[in-house]
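J.: I have a structure I would like to understand better, so I am pasting it below and will then ask my questions one at a time.
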């Protein structure tokens, strides 16, 4: 049985390029995780004065994503670091 493909499968194997891609993948996962947590927490509900239409729901998703990106960029939750370490270890073993 062949091992599962990794993040680096078929990509540039330059160590600097690899490190950048791994860090970006880890940070993107952390941002997605934070966005899902914010959605689940429902802390960004609009006040009752808004119509609650489809447009509001659509733009609220942009707000949640933007907040998640800002939190990930400014804070050290540690999830990106753990994911990066695991990806780097896996990349070195390939």
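J.: In the range 75-93, what residues are modelled with pLDDT under 90 and part of a helix (DSSP H, G or I)?
T.: Passing the criteria: 90, 91, 92, 93.
J.: Here is a follow-up. Looking only at the range 5-43, filter to residues that are more than 20 Å from residue 89 (Cβ to Cβ) and surrounded by fewer than 16 Cβ atoms within 10 Å (Cβ to Cβ); which one of those is modelled with the lowest pLDDT?
T.: Per the criteria, the residue is 43.
The values are calculated or read from the model by the stated rules, or taken from the named source; none is laboratory data. None of the values given here were measured: they were computed from a predicted structure. Note: ideal-geometry Cβ built from the backbone for every residue, glycine included; neighbour counts use all protein chains shown.
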